[in-house]
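A quick write-up on the structure given underneath.
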Amino acid sequence: MLVKSLFLHFFPCLIMLLSGGMALATAGQQRQLIDFQLSGPAQFQFAGYYAAIEQGFYREEGLEVVLREPTPGRSPVEEVLSGHAQYGVTDSEILYGRLQGKPLVALAAIFQHAPAALFSLKDANIYAPHDLLGKKIMLRDPQHNAAMVAMFQHDDIKRDALAILPDSGNLEDLISGKVTALEAELISAPFLLTQRGVEYRAMNPATYGVDFYSGVLFTSEQEIEEHPEQVEAFRRASLKGWYYAMRHVDAMLDVLKTKYKVERSSEFLQFEAQAMQPLVQPDGVEIGHMNPERWRRIADIIVEAGMGDRDAALDSFIYNPFPPLQVAKLKKAFYLVSFVGGLVLFAAITLFIGWWSLKKEVRLRIIAEQEAKLLAYNDALTGIPNRNSFIPFANKQLLAANRLQQKIALCFIDLNYFKTINDNYGHKAGDAVLVHVAKAISAVIRESDMVARLGGDEFVVLLGGVHNLDDTVRIRHEIQQAIARPFIFQGRDLSVTASVGVALYPDDAAHIDDLINSADEAMFRDKSNTKPPELKLVSNRDSGKRTNKLVANQAP
């Protein structure tokens, strides 16, 4: 049974090794002509494909590949679906098209993290998406910038609420002030702006949990059905080219400049290559790797942005090099190889490949799980647990308390007149306050308790080991005191107060949602006793030194 299981799981890997050698036999035969549609002009962004041509990797597979630069007005997806090219490379357009029902298949994701970002001038003070409301920006078409649309939606900003101009692809529109922000790539725009002496800020969608693949190598379902061996050969040679390009950067820069006459300077290409390294091959991830769960998450983001059909089939969207019919053919070839090579050699190779593949799969799965958990269960600004993390924890605590006949207290914390700080000192000051509050609360509660940010300026704390509301008076007072302590913001002391409501399980509610609502109502009763703060600059003297202090004076 063990041998059979290893055979079924690792047999395709063995055939891949053998097929690499068998490809040499095709060298003397007529090569198949392949049209490959790029998404941009020749530059290091496509170096892997040029390397596959120059190093003969395509020729070893019996392929003659022609790299086509873009035709104005036509995307790589359109070129492939129309039959003008068999393969192409694109960005989120491929998943957008698939969600529209187009028969597209992703072969490999060269960029594990999309390089697109939103650039603004440093003195424009653009720190977050909401800072762009009412300001002119340039974005690409929705099918190409789904990540940007999702980033704005993350901040509850609809696309029609933005002053969007057609994308010109020209950084001069940003430098001249024609627009406040525009979409460009992290692998090129920083170099060009710095070269002009322009200070800038870059807003990356990944910071907001919107982390898309890019540089996706793709083809059509028809191409895979009609030429399955060719598809696998093309993919194999392309990835081999990318490994060569990323390990021999200087050699590829020389090829691009001398043979392909790339107009960009050598310094630009060198910057592009260096900037691509963490995007193409982050630690522990192989070039071209695609995680099905991550593709599904990207699809969900696009659907939630109103750009796709939730019922669209994604089963065959990710390329499977070994469909059932192909596996059957390879099994027959295997029997012949095993007879010639001998069972002993076969068993040794199979066990080795099995160990290696299993180790790699475990490593990749751990990385994928860590990525997903970080994005799903922690607040991006403060680093403390979010609602997704708090609710399951609270439910477990309530079940344990019910079993042990104990009580639990839930504190609902809302900052007083937080909007006043945002309105008077900007969202950057508001973000600093939220980070301060998270640290202040964490410092006064026990390790067994949990603080979480539900959203906006609302926090909750779950406290165990209480008998009645009187037991919570001390910790409630400590939380309010910790929050009210001034902290330094831009060279000044800033302080804020908070209203706290407490609800007791099971006295006030038996379920976590009801318990939160009960504590929320108690918090509003507490807040009704507060008056608007007086925000002003005051001067303090300490040992003869004068300091500025920004205070939210809260009248009782």
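A compact table of results
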{"quantity": "Single match in 496, 502 (criterion: assigned to a strand (DSSP E or B), in the same structural domain as residue 399 (by TED's automatic domain parsing) and hydrophobic (A, V, I, L, M, F, W, C))", "calculated": "502"}
{"quantity": "Residue list for the range 237-265, filter: surrounded by 17 or more Cβ atoms within 10 Å (Cβ to Cβ) and of a type in the set (A, V, I, L, M, F, W, C)", "calculated": "237, 239, 242, 245, 246, 249, 252, 253, 255, 256, 262"}
{"quantity": "Subset of the range 397-412 [free of Cβ contacts under 8 Å to residues at least 60 places away in the same chain and either under 30 Å from the mean Cα position of the chain (by Cα) or surrounded by 14 or more Cβ atoms within 10 Å (Cβ to Cβ) (or both)]", "calculated": "406"}
{"quantity": "Filtered residue count, the range 317-361, keeping only those that are part of a helix (DSSP H, G or I), modelled with pLDDT under 85 and loosely packed, with under 12 Cβ neighbours inside 10 Å", "calculated": "10"}
{"quantity": "Selection within the range 75-101 - surrounded by fewer than 17 Cβ atoms within 10 Å (Cβ to Cβ) and touching a strand residue (DSSP E or B) at 6+ places or on another chain (Cβ under 9 Å)", "calculated": "83, 84"}
{"quantity": "Qualifying residue in the range 464-479 (condition: closer than 16 Å to residue 499 by Cα and within 33 Å of the chain's Cα centre (by Cα))", "calculated": "no"}
{"quantity": "Qualifying residue in the range 470-485 (condition: surrounded by 16 or more Cβ atoms within 10 Å (Cβ to Cβ), assigned to a helix (DSSP H, G or I) and either of a type in the set (Gly, Ala, Ser) or not assigned by TED's automatic domain parsing to the domain that holds residue 516 (or both))", "calculated": "yes"}
{"quantity": "Test for residue 461: is it buried (at least 18 other Cβ atoms within 10 Å of the Cβ) and either in contact with a Gly (Cβ under 8 Å, 6 or more places away or on another chain) or touching a residue at least 60 places away in the same chain (Cβ under 8 Å) (or both)", "calculated": "no"}
{"quantity": "Residue within the range 51-73 that is modelled with pLDDT under 95, under 25 Å from the mean Cα position of the chain (by Cα), surrounded by fewer than 24 Cβ atoms within 10 Å (Cβ to Cβ) and not hydrophobic (A, V, I, L, M, F, W, C) present", "calculated": "no"}
{"quantity": "Filter result for residue 493 (free of Cβ contacts under 8 Å to residues at least 12 places away in the same chain and either crowded, with 19+ Cβ neighbours inside 10 Å or over 18 Å from residue 520 (Cα atoms) (or both))", "calculated": "no"}
{"quantity": "Only listed residue being of a type outside the set (Asp, Glu) and touching a Ser or Thr at 6+ places or on another chain (Cβ under 6 Å), chosen from 218, 212", "calculated": "212"}
{"quantity": "Given (1) over 30 Å from residue 426 (Cβ atoms); (2) in the same structural domain as residue 158 (by TED's automatic domain parsing), number of the condition residue 63 does not satisfy", "calculated": "(2)"}
{"quantity": "Residue 47 vs. criteria surrounded by 23 or more Cβ atoms within 10 Å (Cβ to Cβ), over 26 Å from the mean Cα position of the chain (by Cα) and at pLDDT 95 or above", "calculated": "no"}
{"quantity": "In the range 347-369, residue nearest to the chain's Cα centre (by Cα) [restricted to those that are among the β-branched types (Val, Ile, Thr) and under 20 Å from residue 283 (Cβ atoms)]", "calculated": "367"}
{"quantity": "Total residues in the range 247-280, condition in a helix (DSSP H, G or I), in contact with a Lys or Arg (Cβ under 9 Å, 6 or more places away or on another chain) and among the basic types (Lys, Arg)", "calculated": "1"}
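Conditions tested, residue by residue: (1) over 30 Å from residue 289 (Cβ atoms); (2) touching a helix residue (DSSP H, G or I) at 6+ places or on another chain (Cβ under 7 Å).
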| position | (1), (2) |
| --- | --- |
| 127 | yes, yes |
| 131 | yes, yes |
| 138 | yes, yes |
| 144 | no, yes |
| 148 | no, yes |
| 161 | yes, no |
| 171 | yes, yes |
| 195 | yes, no |
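Quick grid of which residues meet (1) part of a helix (DSSP H, G or I); (2) under 26 Å from the mean Cα position of the chain (by Cα); (3) modelled with pLDDT of 95 or more; (4) not assigned by TED's automatic domain parsing to the domain that holds residue 155:
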site	(1), (2), (3), (4)
376	yes, yes, no, yes
382	no, yes, no, yes
414	no, no, yes, yes
421	yes, no, no, yes
437	yes, no, yes, yes
459	no, yes, yes, yes
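The values are calculated or read from the model by the stated rules, or taken from the named source; none is laboratory data. Small disclaimer: the values here were computed from a predicted structure and weren't measured. Because the Cβ atoms are built from the backbone with ideal geometry, glycine has one as well, and the counts that use them run over all protein chains shown.
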